[in-house]
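A.B. asks: Would you mind keeping the following structure in view while I ask a few things?
The values are calculated or read from the model by the stated rules, or taken from the named source; none is laboratory data. Not measured: the values here are computed from a predicted model. Don't worry about glycine lacking a Cβ; one is built from the backbone with ideal geometry, like all the others, and counts go over all protein chains shown.
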Amino acid sequence: MNIHEYQAKELLAKFGVPVPAGFSAMSVEEAVAASEKLPGPLYVVKAQIHAGGRGKGKFKELGPDAKGGVRLAKTADDVRAAATDMLGNTLVTIQTGDAGKQVNRLYVTDGVDIAKEFYLALLVNRATGRVSMVASTEGGMDIETVAHDTPEKIHAIDIDQATGFQPHHGRAVAAALELKGDLAKQAANVASKLYDAFMGTDAEQIEVNPLAVTEDNKLLVLDAKVAFDGNALFRHKDLLALRDETEEDPAELEASKYDLAYIKLDGDIGCMVNGAGLAMATMDIIKLNGMFPANFLDVGGGANKEKVTAAFKIILSDPAVKGILVNIFGGIMRCDIIAEGIVAAAKEVNLSVPLVVRLEGTNVEKGKEILASSGLAIVPANDLGDAAKKIVAEVQKAA
């Protein structure tokens, strides 16, 4: 689960991480009022969307010469103008894709005189099973570009959760950022507080870019991106309250209500599969046969009629879908139950695109009988290769 920058900073501040003063706003007047609470004389007005690259982004409605989603303001009138431009308009960044995201709220913060910018992030190193702190002197830039062009400027420091953050970790971070004296102590303190926040919230990622040294030699977190492990959110009801459903894909949000793992893709063959590995194989073989998957959808091991019907509706909510391939291996799940769900779902949604079904496993023959006697135009398949060839052929025939 992702949260907005203003929420991330408020959360990090609770752990003692230094951040500039700021206030969120959902209207132009609230943005102006927020600036009046800040000391000034410089303010920063930031669009709040779940995507990076806001400063370099462009608003669809404002033309190519308009400023991006992060703007400096020197007066209340400047804040008003920036807020008027941003709120309700669509910001397109390198991470949003061409569709962009509508800006529904802003973050007005105190301006800072920056002497130097750094990059600092925490994530899980899956190779070692430890928390990895990634530091670079190249703050304010896309870390992917830094990694590609100057990988020697990125330093990763693993932290064993059994012993936690130790003084030598702080010294390593300061050294990676090439800081000395009091700034080195500040860097170690910030890193320690970020680690506390990471562990205390079951975070998947905390990315600070930039971590800035101000003209008066203070370290401040000027931008923060925080994401949480969804599997641990049952322990953090307070964090669940931070969820902004307007920032999520409607189909993916609907899928989460039925405990379905769904991710929209750019193809034209809808997929309904049980098991992530089988789903990946299904997508691969569709592509091998000349077409592209429209989604990743894992119904899980305990699917029932309700979940299968919901899955069909979600797949068909994508207007790009020209056919559906169902690929189910009935281990824990019985093929006859799945077949009943497929028939019920196809009838309920008035299925109008080709449907190919491959079933294997427990009660498979009974499942195939249910499909054959349904009276629906369901094309059976013997195996995954056969299923992929048939759905591609059916879609091409219907085109």
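A.B. asks: Checking Ala320 against (1) part of a loop (DSSP other than H, G, I, E, B); (2) of a type in the set (Gly, Ala, Ser); (3) without any contact (Cβ under 8 Å) to a residue 40 or more places away in the chain, which single condition isn't satisfied?
C.D. replies: Just one mismatch for Ala320, condition (3).
A.B. asks: Oh, and also: Out of Ala387, Ala393, I need the residue that is assigned by TED's automatic domain parsing to the domain that holds Ala320, surrounded by 21 or more Cβ atoms within 10 Å (Cβ to Cβ) and modelled with pLDDT of 90 or more. Which one?
C.D. replies: Of Ala387, Ala393, the one residue that is assigned by TED's automatic domain parsing to the domain that holds Ala320, surrounded by 21 or more Cβ atoms within 10 Å (Cβ to Cβ) and modelled with pLDDT of 90 or more is Ala387.
A.B. asks: I've got another one for you. Kindly establish whether Glu5 is under 23 Å from Asp244 (Cα atoms), in the same structural domain as Arg80 (by TED's automatic domain parsing) and of a type in the set (Asp, Glu).
C.D. replies: So Glu5 does not fit the description; no.
A.B. asks: Hey, can you tell me all the residues within the range 296-319 that are within 22 Å of the chain's Cα centre (by Cα) and at negative phi?
C.D. replies: Correct list: Phe296, Leu297, Asp298, Val299, Ala311, Ile314, Ile315, Ser317, Asp318.
Yes/no matrix, rows are residues, columns are (1) surrounded by fewer than 20 Cβ atoms within 10 Å (Cβ to Cβ); (2) within 26 Å of the chain's Cα centre (by Cα); (3) in a loop (DSSP other than H, G, I, E, B):
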site	(1), (2), (3)
Asp85	no, yes, no
Gly88	yes, yes, yes
Leu91	no, yes, no
Tyr107	no, yes, no
Glu117	yes, yes, no
Ala121	no, yes, no
Glu144	yes, yes, no
His169	no, no, no
Leu183	yes, no, no
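A.B. asks: A follow-up question, please. For the range 253-270, state whether one or more residues are out of contact with any Asp or Glu (no Cβ under 8 Å at 6 or more places or on another chain), more than 30 Å from Asn327 (Cβ to Cβ), surrounded by fewer than 19 Cβ atoms within 10 Å (Cβ to Cβ) and in contact (Cβ under 8 Å) with a residue 60 or more places away in the chain. Write out each step before concluding.
C.D. replies: Here is the first cut: in the range 253-270, the residues out of contact with any Asp or Glu (no Cβ under 8 Å at 6 or more places or on another chain) are 254-257, 259, 265-269.
Among the residues that remain, those that are also more than 30 Å from Asn327 (Cβ to Cβ) are: none.
No: the range 253-270 contains no residue that is out of contact with any Asp or Glu (no Cβ under 8 Å at 6 or more places or on another chain), more than 30 Å from Asn327 (Cβ to Cβ), surrounded by fewer than 19 Cβ atoms within 10 Å (Cβ to Cβ) and in contact (Cβ under 8 Å) with a residue 60 or more places away in the chain.
A.B. asks: Could you list, in sequence order, all residues of the range 212-225 that are out of contact with any helix residue (DSSP H, G or I) (no Cβ under 7 Å at 6 or more places or on another chain) and not in a loop (DSSP other than H, G, I, E, B)?
C.D. replies: Those that are out of contact with any helix residue (DSSP H, G or I) (no Cβ under 7 Å at 6 or more places or on another chain) and not in a loop (DSSP other than H, G, I, E, B): Ala212, Thr214, Leu220.
A.B. asks: If you go through the range 302-312 one residue at a time, do you hit one that is of a type in the set (Phe, Trp, Tyr) and at pLDDT 90 or above?
C.D. replies: No: the range 302-312 contains no residue that is of a type in the set (Phe, Trp, Tyr) and at pLDDT 90 or above.
A.B. asks: May I pose another question? Need a quick list: strands (runs of 3 or more DSSP E) entirely within the range 5-82 having at least 2 residues that are not small (Gly, Ala, Ser).
C.D. replies: Of the strands (runs of 3 or more DSSP E) lying wholly inside the range 5-82, those with at least 2 residues that are not small (Gly, Ala, Ser) span 43-47, 70-73.
A.B. asks: Picking from Asp284, Asp336, which residue would you name as being free of Cβ contacts under 8 Å to residues at least 60 places away in the same chain, in a helix (DSSP H, G or I) and in contact with a helix residue (DSSP H, G or I) (Cβ under 6 Å, 6 or more places away or on another chain)?
C.D. replies: Within the list Asp284, Asp336, the selection yields Asp336.
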